[in-house]
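The values are calculated or read from the model by the stated rules, or taken from the named source; none is laboratory data. Here the structure is a predicted model, which is why all the values come from computation and not from measurement. When we count neighbours, we look across all protein chains shown, and the Cβ atoms used for this are built from the backbone with ideal geometry, even at glycine. The protein model used for the area step is the full one, side chains on, heavy atoms only, and it has no ligands, DNA or RNA in it. Shrake-Rupley method; radii C 1.70, N 1.55, O 1.52, S 1.80 Å.
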Amino acid sequence: MPTDAARLALRQATGAVHERLHGVPVFARLAAGRIAPEEYVRLLRRLLGFHLGVEAALGAAPSLAGYGIEIEARRRSPMLMADLVALGAAPLAPVASLPAPDCAAWAMGCLYVTEGSTLGGQHLARALDGVLPGEAGRSFLRGYGARHGAMWRDCCVAIEACGAEAERLAAMIDGAEATFARFETWFTSHPA
């Protein structure tokens with residue numbers, strides 16, 4: 001079995017929705033560096049609401065500590081709140097409703113979505129060079145800073161360990177698909 005078999009299975013299962021998200025207008029404008037500052041603030045608020053919902057769901061899930069994952073260390077809502085404050089905006093947002101995972105593998109699938117989203121963040125942060133002055137408002141996109149590579153590697157190890165058994169892999173795929181579907185609905189039913 002390849003050392004990245006679980007991630008490949010997750011990528012294959014969620015590839016279509018991931019591609020559709022690239023076409024969501026606000027994300028396309030962000031990636032192209034053509035997002036207006038006020039639209040970026042609305043996007044950050046929308047992302048905050050989603051991440052608060054994910055964090056609540058993962059907080060109610062069975063622990064991932066057995067896989068070396070501390071959920072508290074992976075909370076990204078504080079970065080979003082800091083970005084909003086740095087841009088002079090109130091860090092307020094409606095919160096997405098996500099079901100509490102009933103097993104650690106489903107929670108790991110949910111985490112795959114949020115942690116995977118950090119991978120393109122550096123590119124998106126650079127796309128804001130012509131939109132925002134300085135570095136203000138980019139901490140969410142910058143991810144975990146100097147710890148980013150290590151955090152992603154640890155997440156990959158955990159995903160592979162969790163997905164090494166077929167039943168857990170299936171639950172992880174269910175969690176990833178459900179989280180991506182909720183994210184897509186969150187951004188297409190009420191655009192930022």
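Among 21, 169, 58, whose mean-square fluctuation peaks in a Gaussian network model of the chain (Cα, cutoff 10 Å)?
Most flexible of the set in this elastic network: 21.
Along the range 92-109, what does the Karplus equation 6.51 cos²θ - 1.76 cosθ + 1.60 (θ = phi - 60°) give for ³J(HN,Hα), rounded to whole Hz, x for Gly and Pro?
Computed from phi, the couplings for the range 92-109 are 10, 6, x, 9, 5, 9, 10, x, 6, x, 8, 8, 4, 5, 4, 4, 5, x Hz.
Heads up, I need the accessible area for residue 102: 1.4 angstrom probe, whole protein in place, Å², nearest 10.
The accessible area comes out at roughly 130 Å².
For residue 151, what accessible area in Å² do you get when you roll a 1.4 Å probe over the heavy atoms of the protein chains, rounding to the nearest 10?
Its accessible surface works out to 20 Å², give or take rounding.
Between the range 104-144 and the range 147-192, how far is it from one alpha carbon centroid to the other, in angstrom?
Their Cα centres are 15 Å away from one another.
Using only alpha carbon pairs under 8 Å that are at least six residues apart, calculate the relative contact order of the chain and give it in whole percent.
Computed over the chain, the figure is 35 percent.
What spacing in nm lies between the two simple spin-label points modelled at residue 102 and residue 185, each 7 Å away from Cα in the Cβ direction?
1.7 nm
Can you give the accessible area of residue 22 in Å² (nearest 10), computed on protein heavy atoms with a 1.4 Å probe?
110 Å²
Just check the range 85-162 against the gyration tensor rule for me: Cα atoms, a ≥ b ≥ c as the square roots of the eigenvalues, rounded for a/c under 1.5, and otherwise prolate or oblate depending on whether a/b exceeds b/c.
oblate
Pull out a ≥ b ≥ c, the square roots of the eigenvalues of the alpha-carbon gyration tensor of the range 1-61, then state rounded if a/c is under 1.5, prolate if not and a/b is larger than b/c, and oblate in the remaining case.
oblate
I need the semi-axes of the equivalent ellipsoid of the chain: take the C-alpha gyration tensor, multiply each eigenvalue by 5, square-root it, list largest first in whole angstrom.
Listed largest to smallest, the semi-axes of the chain are 28, 16, 16 Å.
What full-extension length gain, to one decimal in nm, is calculated for residue 82 and residue 152 as 0.36 nm per residue of separation minus the Cα-Cα distance?
Here the answer is 23.0 nm.
Counting pairs of alpha carbon atoms under 8 Å apart in space and at least six apart in sequence, what relative contact order in percent does the range 67-161 give?
Averaging sequence separation for qualifying contacts and normalising by length gives 44 percent for the range 67-161.
Could you pull out the GluC sites (Glu not before Pro) across the range 102-192 that fall in loop regions by DSSP (anything but H, G, I, E, B) with no more than 13 other Cβ atoms inside 10 Å?
The qualifying sites are 135, 165.
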